[in-house]
Structure formats: structure tokens, C-alpha cells
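This report concerns only the one structure given below.
The values are calculated or read from the model by the stated rules, or taken from the named source; none is laboratory data. What you see is a predicted model; the values in this text were computed from it and never measured. In this analysis, Cβ positions are derived from the backbone assuming ideal geometry, glycine residues included, and neighbour counts consider all displayed protein chains. All accessible areas refer to the heavy atoms of the entire protein, side chains included, with ligands and DNA or RNA removed. Shrake-Rupley method; radii C 1.70, N 1.55, O 1.52, S 1.80 Å.
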Amino acid sequence: MRPNSQALKHKVPHDTEREFGGTLGAICIPIFLPLTVLFLICVSRSPEASVLQWPPPLPSQDQLWDPVAPMLLLAWITLHTLLYFMPLGKVSEGLLLRDGTRLKYPINGFHALCISGVLLMLLLGLGAPMGYLFELLVPLAVCAIAVSFVFSVYLYIRSFWAPSHALALGGNTGNPLYDFFIGRELNPRIGSFDLKYFCELRPGLIGWVVINFGMLMKEVELRGSPSLAMILVNSFQLLYVADALWNEEAVLSTMDIVHDGFGFMLVFGDLAWVPFTYGLQAAFLVVHPQALTSLRAAAIIALNGAGYYIFRKSNSQKNQFRRDPSHPTVARLETIATATGKRLLVSGWWGFVRHPNYLGDLLMALAWSLPCGFSHLLPYFYVIYFTVLLIHREDRDERQCRAKYGLAWDTYCRRVPYRIFPYIY
Ligand SMILES: NC(=O)C1=CN([C@@H]2O[C@H](COP(=O)(O)OP(=O)(O)OC[C@H]3O[C@@H](n4cnc5c(N)ncnc54)[C@H](OP(=O)(O)O)[C@@H]3O)[C@@H](O)[C@H]2O)C=CC1
Ligand SMILES: CC(C)CCC[C@@H](C)[C@H]1CC=C2C3=C(CC[C@@]21C)[C@@]1(C)CC[C@H](O)C(C)(C)[C@@H]1CC3
């Protein structure tokens, strides 16, 4: 079959604005971020654990490769592909596409998490050395990065066979480097297997908590029992991942699924960045144990609880409102009309700040770092990166909403002046 000629000539509707620093970003990010992943893992296990130490703790050649790593990764991706097709849970429809159709998605991610948990316990019962994941972390990250590159090249090439309505508006600039990075095709599928939806929530997100558990088991191997700090980090992050999979349907209306193409940025983000940098606190704690008083632990649990409450309540309120504005839980909230026919909430959580869900997410991110104490910056990497990511994301969303809702969006901004942090930003 010949590539879609219309797509090749770029006669496809597209956004002219370039994100993430345009071509320069598209060249630098794929070089710089994979190195950052390896650098951060190495720093987390070095005695100094300092991101500023010189020379940096680089891995030796034999630390980079272990033949077990590609086999484990392959087994993991195969397992989750099989679980994706399991006839469990319901099937939901995504938002309306440009050609007027809707795609169908299986909602069985939470089942996949539970089955992964049961398999993990079985392996543990059979004496599998889960703590070995600590030694395997660098080789696994190397393999995940390699898979991200190969997979993104595949996605880029196959996008030339996609019809124009299946391409993302932002991913068809005609600049191959930028389009490869940002993603051309919106919902690439092999039959009914949706590659973006699969990667967004399954192998990377569930892989992240499995790696965390491996760090906990390494601590048990080294010190006889897991520390309170390690238990907190594992529990908080498991709650976050379980929540994402329990509310899997909500991901169908996120910017990543609805608007962004599937290119290197999301592939690498899902398969390498999330599992190997979001849980750095656990890797850090293996080599740098921290004592935690019950009082401090209670304060950190309260912070994570508050963050989770704001995150979940605000996300659920908006999702409910978008699905059924007449539902009793949202029907009495004050709203403003927009020219598109959709309304915007101006009371409740969305009348407090313009992104209450980001605020809750950031409070949780802080709670994940605090069990690691204040002696090192590394465990705070996630909360710092995440603040930058969400401020940038808020800005992207703001531009999209202004384009969508025009004057109504300006009215909303006047009614709710703060973006994420009340009275600050
Ligand atoms: N851990 C991680 O790495 C990441 C986590 N996240 C989390 O993912 C979650 C989803 O975030 P994200 O996808 O960025 O977007 P949001 O869930 O914040 O959704 C933004 C959209 O909500 C709608 N909206 C905005 N304001 C209103 C309003 N007042 N009333 C009704 N609808 C409104 C608009 O879409 P429309 O009007 O078209 O419905 C807007 O485009 C967040 O909790 C975030 O913290 C996000 C990125 C990374
Ligand atoms: C590599 C780059 C610097 C950045 C890549 C960004 C990605 C890592 C994130 C973009 C949006 C994401 C979401 C989640 C994970 C991180 C990425 C992929 C999410 C699945 C986390 C769990 C949440 O509950 C969620 C709302 C489901 C998230 C959706 C967005």
C-alpha cells in the first residue's frame, strides 16, 4: 500500500504554533531526557546522591547492560497486551473524532493492576528475588529508552498511511524532527489495539509501582524490614496509580488522548520517564535510609490525603459535569455559557482556582518527597519537574480553551483569577 498522498503533501488541517521549544526542543529533548533518566538513577544510588557532584556518577559499561532486562521488558509488555484484551470490565466510547466517529476502549486497567499484583505475590512466594530490580534498574531503563526510540520511529512511519482526519492538528508541520517528536497520528491502532491508550496507563504506570516494590524488597534484603519512609512512598504512589486505573475512563477526555499525537514525547514519557523517574524516592531510600518520627509521618500522610482529596474531588466534579450536567452532584453549581454550547463551571472546585486538580496533584508530589528528609535535593526532583510540567501544561490548556471558548473564557478568568495556587499563581 502507498502512503496516504494527502498526508504526504501536508494538505492536512494543522496548528501552526509549535510546542516544547519547536525544532530545537524536538532535537534536544530526545537526547537530553534519556540521559537525564540514567543520570538520576545513578545519582540516587551514589553515596553523595548529589545532582551537583562532579564528576557525575556515570554508569560503567557492564552496569548498562544485563540480558535479563530485555527479556523482562518483553514479558511485561506481552503480559499487559494480553491483559488489555481480557474480556473483563466494560467497553467505553471516546470523544467524538473529526470524522464524526467514536473509538471504543476497554476499561479493564484496574483488573490488569490487580492481576499484576497477584502474579507478583505468586512470584514472591516462589522465591523470585524481587530486590534484584534494584540492580536491574539501569539496564531496564536503557531497554525502555531503546524501545521508546524504535517504537516512535514505527509510529512516525506508519502515520503516512493514516487518513488526514486521523492526524493530530499539532503534529503535521512538515518538519520531520518536530513531527516525530510531537506525534503525527492521533489514535494509532493495530486492529482494536489502541497504542496510545495502552501506553498511557498500563506498562509504564503499573511498572512504576512494581519497581517501587522491588526497592522495598531490596531494603528488606539489606536491613531485614522495610522502613516507614519506604512504606509511605510505596503506599502513596500505589494509591495514585490505582486511582488512575480505577478512573481509567476519565483518561479518554484528557489532552493527551483527545488533542496530542502519539510521538516520541508521549512514548518516552509513558514507557521510560514515568516508571524510572517518578519513583526515584524509593530508589534513593534503599541507599540513604531515613528515620521518620510518627508525628512527621502523620503530617505527611495528612498532606498526601489532602492533596488526593482535592485531586480526586475536582477531577470527578468536572468529569461528572461534562458527562451529565444535570446530575444532582453538579446540577446546582454556577456555570457560564459559551458559544460552543458547552458550559464552564465557575463555582465548586473549578471556582476556587482554574486548575484545582493540578493543585491537589502537586500537594501529593510534595508528600512523596518529604519521607526522604531534607538532606538531599534528588528526592525532590519529581515535585520540581512536576511543577514546571503542570505550569507549562496549564499554559497550553489555557491557550486551547481561549481558542475554543473566546470571550466566555476571558469571563471565566476574571471570575476565577488564580490558575493553580490561590493568591499566588
Ligand atoms: N502525574 C503526571 O505526570 C501528570 C498528571 N496529570 C494530571 O492529570 C489530570 C488531568 O489533567 P489535564 O489532562 O491536564 O487536564 P484537566 O483535567 O485539567 O482538563 C482541562 C480541560 O477541562 C475543561 N475545563 C477547564 N476549566 C473548566 C471549567 N471551569 N468547567 C468545565 N470544564 C473545564 C476544558 O476542556 P473542555 O471544556 O473541552 O471539557 C479543559 O481543556 C490532572 O489531575 C493532572 O494533575 C497531568 C499531566 C501529567
Ligand atoms: C517526557 C516529557 C518531559 C513529559 C512527558 C509527559 C508525560 C510523562 C505525562 C503527560 C501526561 C501524563 C499523564 C499521566 C502520566 C504522565 C503523563 C503521561 C497520568 C496517566 C498519571 C496518572 C493520573 O491519574 C492521570 C490523570 C491518569 C494522568 C494523565 C496524564
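Extension gain for Leu24-Val51 works out to 7.2 nm (0.36 nm per residue, less the C-alpha to C-alpha distance). Scaling against 2.2 N^0.38 Å puts the C-alpha radius of gyration of region 185-266 at 1.39.
Please report, as a whole percent, how much of the solvent-accessible surface of region 15-148 comes from carbon and sulfur atoms (probe radius 1.4 Å). Roughly 74 percent of what the probe reaches on region 15-148 is carbon or sulfur. When only Cα pairs below 8 angstrom with a gap of at least 6 residues are kept, the chain shows a relative contact order of 19 percent. Over region 102-236, the Kirkwood radius and the radius of gyration, each from Cα atoms, give a ratio Rg/Rh of 1.09. Based on alpha-carbon atoms, the Kirkwood radius and the radius of gyration of region 88-129 give Rg/Rh equal to 1.34. Sorting Ser326, Ser314 by solvent-accessible area of protein heavy atoms yields Ser326, Ser314, largest first, with a 1.4 Å probe. Once the mean of 1/r is taken over each pair of separate Cα atoms and inverted, region 262-306 shows a Kirkwood hydrodynamic radius of 13.0 Å. Size of the chain: Rg and Dmax of its alpha carbons, in Å, are 22.0, 66. Per residue, region 131-174 exposes 34 Å² of accessible surface when a 1.4 Å probe is rolled over the protein heavy atoms with every protein chain present. When each of the peptides 173-181, 117-125, 54-62 is scored by the mean number of other C-beta atoms lying within 10 Å of its residues, the order from highest to lowest reads 173-181, 117-125, 54-62.
Please report, to two decimal places, log10 I(q)/I(0) for region 355-413 at q = 0.26, 0.29 Å⁻¹ as given by the Debye formula with identical point scatterers on the Cα atoms and no solvent. Debye curve over Cα of region 355-413, log10 I(q)/I(0) at q = 0.26, 0.29 Å⁻¹: -1.01, -1.12. One decimal place: the segment Thr293-Met71 gains 75.8 nm when fully extended, by the rule 0.36 nm per residue minus the C-alpha distance. With only the Cα atoms considered, region 136-210 has a convex hull volume of 104 Å³ per residue.
In region 304-425 the Cα-Cα distances spread across 5 Å bins starting at 0 as 2, 11, 18, 21, 19, 13, 8, 4, 3, 1, 0 percent of all pairs. Taking the Cα of Leu126, stepping 7 Å toward and past its beta carbon, and measuring to each backbone N in region 56-95: which are under 15 Å? Correct set: 72, 75-76, 79. In order along region 148-162, the Karplus-derived 3J(HN,Hα) couplings, from 6.51 cos²θ - 1.76 cosθ + 1.60 at θ = phi - 60°, round to 4, 5, 4, 5, 5, 5, 4, 5, 5, 5, 5, 5, 6, 9, 7 Hz, and Gly and Pro are given as x. The solvent-accessible area of Asp256, taken with every protein chain present and a 1.4 Å probe, is close to 10 Å². Only lysine pairs 8 or more places apart or on separate chains count here, and in the chain those with Cα atoms under 16 Å apart total 4. For region 38-99, the extents of the C-alpha atoms along the principal axes are 53, 31, 22 Å, listed from largest to smallest. Measuring nothing but how far apart in sequence close Cα pairs (under 8 Å, 6+ apart) lie, relative to its length, region 341-425 scores a relative contact order of 48 percent.
For the chain, a crude dipole built from +1 on the beta carbon of Lys and Arg and -1 on the beta carbon of Asp and Glu, taken about the Cα centre, is about 1220 debye to the nearest 20. When you restrict to C-alpha pairs under 8 Å that are six or more residues apart and normalise by the size of region 165-272, the relative contact order lands at 46 percent.
Within the accessible area of region 254-318, the carbon and sulfur atoms contribute 69%, probe 1.4 Å, all protein chains present.
Using label points projected 7 Å from each Cα along Cα→Cβ, tell me how many nm separate Val118 and Trp161, to one decimal. Once both label points are built, they end up 3.6 nm from each other. Spin-label model, Ile301 to Asp99: label points 7 Å out along the Cα-to-beta-carbon direction sit 5.2 nm apart. Rounded to the nearest 500, the helix-only mean residue ellipticity at 222 nm of the chain stands at -18500 deg cm²/dmol, with each DSSP H run of n ≥ 4 adding -39,500 (n - 2.57).
Principal axis extents of the C-alpha atoms in region 225-278 (largest first, rounded to whole Å): 44, 23, 10.
When both region 324-340 and region 203-221 are represented by their alpha-carbon centers, they are found 42 Å apart. What the Cβ-Cβ distance of Arg323 and Val388 gives, at R0 = 41 Å and to the nearest 0.05, is a FRET efficiency of 0.85.
The share of Cα pairs per 10 Å bin across region 26-157, counted from zero up to the longest distance, runs 10, 26, 31, 23, 9, 1 percent. Sorted largest first, the spans of the alpha carbon positions of region 211-323 along the three principal axes are 48, 33, 17 Å.
Please check the chain for the longest run free of GluC sites (Glu not before Pro) that are loop-located per DSSP (anything but H, G, I, E, B) and have at most 16 other Cβ atoms within 10 Å. The answer is 49-333. Over all pairs of different C-alpha atoms, region 292-369 has a mean inverse distance whose reciprocal, the Kirkwood radius, equals 13.8 Å. The alpha carbon centroids of region 20-86 and region 120-177 are separated by 11 Å. Taking label points 7 Å from Cα along the Cα-to-Cβ direction, Ala403 and Ala250 give a separation of 2.6 nm.
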